[in-house]
Every structure is written in C-alpha cells, then in structure tokens.
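Peer 1: Have a look at the structure that comes next, please.
The values are calculated or read from the model by the stated rules, or taken from the named source; none is laboratory data. Nothing here was measured: the structure is a model prediction, and the numbers come from that model. With ideal geometry, Cβ positions are generated from the backbone for all residues, glycine too; neighbour counts draw on all protein chains shown.
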Amino acid sequence: MSNQDWTQDYRRLWEKLVPQRGQADTVQGELLRCIGKITDEAYRNGNENWDESFELMTRFIGQALDDPIAFADHERVKIRGAVERILMNPGSPDLSGPGSSYYYLAEQATKWCHHHPEPVPRKLNPKLQK
C-alpha cells in the first residue's frame, strides 16, 4: 500500500468509525481514535500533556495490532518495537513524519481494519479520560 493510499484509507475509515466525542464502541474505531490522539499530542504538543491516558491508548494500540491473523511474525515484531519506542521516551517524540512510529502504527491500523472489516465490539474503558 503506498503512502497516499493508506492515508486516504485512514481518513475514510476515521470518518466512518471514530465518534466525534469519546471512545469508540468498536475495536476498529478505537484503534484509529487512539492513533489519532497520540499522534496529535506528539506533533502538536510534543507530548507535553502525556499522562496515563496516552499510555493506555498506546498499549491498546499495541495489543490490538499484535494480531497473527492480520500480520506476519516479523511485522508484529516491528509493531511492538514502534509501540515500545513511543512508550519508552514520550518526552522526546519522533516527529520525523512518514518514518516515525506514529505514522507506521497508523498505517498498520489501517491494514488491521481491512483484515477485520466486520465491527469488533469493545467495552468502554473507564480509566481512559481522553
């Protein structure tokens, strides 16, 4: 999938799956919402407001994408590495754009949604305040 293809797809999926406010009630919607939130916080604020909610979102992304149905073992290793890079140093986010962990995870989330086109229900997380 080319850079342009997945970003257009991501935006289309976002419009369809992510609520205007609050958590999504599907794994697909919440995965995209969480990626959008952590990416926005990194690029817009340099993670100045990083807190437990952002950590919870990042861990949720890692758990959702650690999926052997959607990804080969080597892809899952790369996904785990991207999640770890974000979690290990939130005070100095990689803002390099298309090569960053944020962009990589957004692309993988888009692929994950294609592997799981039917809505996967999820319960809202009361600990997640963003």
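Peer 1: For residues that are within 9 Å of the chain's Cα centre (by Cα) and of a type outside the set (A, V, I, L, M), tally how many sit in the stretch 50-69.
Peer 2: Residues meeting the conditions: 3.
Peer 1: What are the residues in the stretch 13-23 that are crowded, with 19+ Cβ neighbours inside 10 Å and without any contact (Cβ under 8 Å) to a residue 60 or more places away in the chain, if any?
Peer 2: Hit for the stretch 13-23 is Val18, nothing else.
Peer 1: Run down Glu52, Glu30 and say which single residue is among the acidic types (Asp, Glu) and farther than 19 Å from Thr110 by Cβ.
Peer 2: Working: Glu30 fails: farther than 19 Å from Thr110 by Cβ.
Just a single option satisfies the conditions, and that option is Glu52.
Peer 1: Turning to a different aspect of this structure: May I ask you to list pairs of residues, at least six apart or on different chains, whose Cβ atoms are under 6 Å apart, with the first in the stretch 86-100 being within 20 Å of Cys34 (Cβ to Cβ) and the second being surrounded by fewer than 11 Cβ atoms within 10 Å (Cβ to Cβ) and modelled with pLDDT of 95 or more?
Peer 2: Every condition considered, no pair remains.
Peer 1: Out of the residues in the stretch 10-59 that are assigned to a loop (DSSP other than H, G, I, E, B), polar (S, T, N, Q) and touching a helix residue (DSSP H, G or I) at 6+ places or on another chain (Cβ under 9 Å), state the one that is nearest to Glu84 (Cα to Cα). Reasoning before the result, please.
Peer 2: Step one: of the stretch 10-59, the residues assigned to a loop (DSSP other than H, G, I, E, B) are 18-25, 46-51.
From what is left, the residues that are polar (S, T, N, Q) are 20, 23, 47, 49.
Adding the requirement that they be touching a helix residue (DSSP H, G or I) at 6+ places or on another chain (Cβ under 9 Å) leaves 23, 47, 49.
Details: Gln23: 23, Asn47: 15, Asn49: 19 Å.
It comes out as Asn47.
Peer 1: Looking at the stretch 100-129 only, could you name the residues that are more than 21 Å from Gln23 (Cβ to Cβ) and over 15 Å from the mean Cα position of the chain (by Cα)? Give the steps one after another, and end with the answer.
Peer 2: Let us first name the residues in the stretch 100-129 that are more than 21 Å from Gln23 (Cβ to Cβ), namely 100-101, 103-104, 107, 111, 114-115.
If the condition is that a residue be more than 21 Å from Gln23 (Cβ to Cβ) and over 15 Å from the mean Cα position of the chain (by Cα), then His115 is the only one that fits.
Peer 1: For the stretch 82-119, enumerate the residues that are part of a loop (DSSP other than H, G, I, E, B), exposed (fewer than 15 other Cβ atoms within 10 Å of the Cβ) and not hydroxyl-bearing (Ser, Thr, Tyr).
Peer 2: Applying the first criterion (part of a loop (DSSP other than H, G, I, E, B)) to the stretch 82-119 yields 89-96, 100, 116-119.
Now drop any that are not exposed (fewer than 15 other Cβ atoms within 10 Å of the Cβ), which leaves 89, 91-92, 95-96, 117-119.
Residues satisfying the conditions are Asn89, Gly91, Leu95, Pro117, Glu118, Pro119.
For (1) aliphatic (A, V, I, L, M); (2) exposed (fewer than 14 other Cβ atoms within 10 Å of the Cβ); (3) farther than 25 Å from Met88 by Cβ; (4) at pLDDT 95 or above, each residue gets a yes or a no:
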| position | (1), (2), (3), (4) |
| --- | --- |
| Gln4 | no, yes, yes, no |
| Arg11 | no, yes, yes, yes |
| Asp25 | no, no, yes, yes |
| Cys34 | no, no, no, yes |
| Asp40 | no, yes, no, yes |
| Glu48 | no, yes, no, yes |
| Glu55 | no, no, no, yes |
| Asp66 | no, no, no, yes |
| Ala70 | yes, no, no, yes |
